[in-house]
Amino acid sequence: MRRIDFTNTQVASSETARDINRSVVLNLIRRRQPISRADLARVSGLQRSTVSLITEQLIEQRWVVNGPTGRLPRGRRPTFLRLNEKRAILVADIRPAQTTVGLADVNGEFLSQQAFPTPKDAAAGAQRIAQEVNELRKAYPRLIFEGIGVSLPGRYDEAASRVIFAPNLKWGEFDLKGSLEKATRLRVELENAANACVLAEIWFRPAEHTRDMVVVTVSEGIGTGIFLNGQLMRGAHGMAGEFGHVALNPAGPKCTCGGQGCWEVYASNRAAIREYQASVKNAERLTFQDLLSRSNSGDSIASEALDKMAHAVGQGMRMLVAGLAPSEIVVVGECTAQWERFGPIIEAEVAAGILFGKPPRIRPAEGSMARLRGTVALVLQKHFGPSANVEEETKVSQKKAAR
Ligand SMILES: [Zn+2]
């Protein structure tokens with residue numbers, strides 16, 4: 001994510017100021033569209049002439065188009081502006097078993113998406129994704145393709161340009177960005193799945209202004225995306241957030257990372273399946289969905305396995321709460337389909353470990369869309385700049401100036 005350091009005023013050239021103003025205007029259009037130039041000036045606090053200059057440039061660059069004509073009580077009819085829906089973003093959500101490739105417009109609305117089994121190795125995976133992407137481009141010749149966003153069940157080391165640490169994917173270290181860019185000639189952005197969910201939350205939930213949030217993805221493994229003080233934390237090698245591989249019991253069952261007794265060994269979908277299989281015969285091919293439906297139809301062993309998993313999810317979250325103090329935890333995963341079972345157990349476990357103040361709000365989010373929309377934001381943020389709370393911060397600075 002591009003960051004602007006407002007404390008470093010010495011290097012703030014007029015070019016930086018122009019970039020900030022452009023990003024403020026573009027984000028206001030995104031959040032409030034359709035919006036008139038007069039309202040843009042009023043809300044941003046920028047001069048009318050500055051707004052006109054920036055919007056003309058955005059129209060020329062085909063990021064913004066003139067929308068419908070508005071009606072004012074006293075005769076004048078302003079032209080509204082909105083984002084250009086012809087700007088399209090291609091996305092791929094790679095999961096250990098299944099990969100989804102899709103096409104969305106600049107507002108995160110999906111025009112197409114389809115899934116296929118995830119190929120066994122990295123080269124075949126990159127080839128298949130590139131093939132699907134190129135077919136989508138042929139099918140929509142009138143769109144302007146901005147780039148490809150990829151969500152991964154692993155981490156992307158930006159400095160080394162390599163996918164690293166993807167123990168549930170088993171593709172090994174590889175340069176997915178390079179091979180996709182070569183095969184498609186489009187710019188490719190990669191991000192961890194939990195971080196992609198964070199981006200989806202801060203981009204596509206305009207009413208929310210959370211500045212401290214952790215997304216916990218519960219599926220084949222456990223991932224976390226950390227958003228603190230209004231910024232996504234990536235850390236050295238992009239490895240921040242691997243709480244799923246902190247050992248809760250060093251003598252516990254083996255984990256895919258090579259360790260033993262990690263949080264995800266007890267709290268992932270696989271933990272519940274393993275628990276069930278320990279007591280029920282002929283359940284080798286059972287999926288997590290099967291387990292949910294068995295529990296729904298009164299199988300008490302299935303319900304117990306799910307409850308045990310829910311307790312483990314909540315117990316591990318105590319690490320997040322004690323260490324990061326988020327005001328909100330968002331849970332993404334198949335277990336959210338039975339939130340009435342999982343939610344209360346997780347909340348009680350977290351509440352029992354609170355050191356001070358109120359426990360964070362814990363809420364479920366729909367998983368597959370969160371990852372896909374997060375990758376749309378991943379590509380867009382290169383152009384929109386710091387987006388999350390731009391509007392809020394503009395208002396704050398206006399209030400300060402008015403004093
Ligand atoms: Zn582990």
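Where a number appears in this text, it was derived from the coordinates with a stated rule and is not lab data. Since we're looking at a predicted model, the values are computed, not measured. Backbone-built Cβ (ideal geometry, glycine too); neighbour counts: all protein chains shown.
Details
- Gain in span if fully extended, ARG274 to ARG142, counting 0.36 nm per residue against the direct Cα distance: 42.6 nm
- Estimated inter-spin distance, GLU15 and THR79, nm [label 7 Å along Cα→Cβ]: 3.0 nm
- For the stretch 375-381, 3J(HN,Hα) computed residue by residue from phi via the Karplus equation (6.51, -1.76, 1.60; θ = phi - 60°) reads 6, 4, 4, 4, 6, 5, 5 Hz, glycine and proline entered as x.
- The stretch 79-134 versus the stretch 259-312: alpha-carbon centroid distance in Å: 31 Å
- Of the residues ALA305, ALA325, ALA278, the one that moves most in a GNM of the chain with alpha-carbon contacts below 10 Å is ALA278.
- Our summary gives the chain a relative contact order of 16 percent, counting only alpha carbon pairs under 8 angstrom and 6 or more residues apart.
- Expressed to the nearest 5 percent, the antiparallel share of DSSP beta bridges inside the chain is 60 percent.
- Length released on extending from LEU111 to ILE301, taking residue separation times 0.36 nm less the Cα-Cα span: 64.2 nm
- Cα-projected label distance for ASN282 with GLU181, points at 7 Å along beta-carbon direction, nm: 5.4 nm
- Annotation for GLN127 and ALA251: the two label points, set 7 Å from Cα along the Cα-Cβ direction, are 4.9 nm apart.
- Gain on full extension, evaluated as 0.36 nm per residue between LYS120 and ALA352 minus their Cα-Cα distance, stands at 79.3 nm.
- Per-residue [θ]222 nm for the chain (sum of -39500 (n - 2.57) over DSSP H runs n ≥ 4, rounded to 500): -14000 deg cm²/dmol
- Prolate/oblate/rounded label for the chain (Cα gyration tensor, a/c 1.5): prolate
- Within the stretch 333-371: backbone nitrogen closer than 19 Å to the ALA325 label point (7 Å, Cα to C-beta): 350-362
- Out-of-range pairs (alpha-carbon distance over 25 Å; input LYS170/LYS308; LYS86/LYS170; LYS120/LYS177; LYS86/LYS138; LYS170/LYS281; LYS281/LYS308): LYS170/LYS308; LYS86/LYS170; LYS170/LYS281
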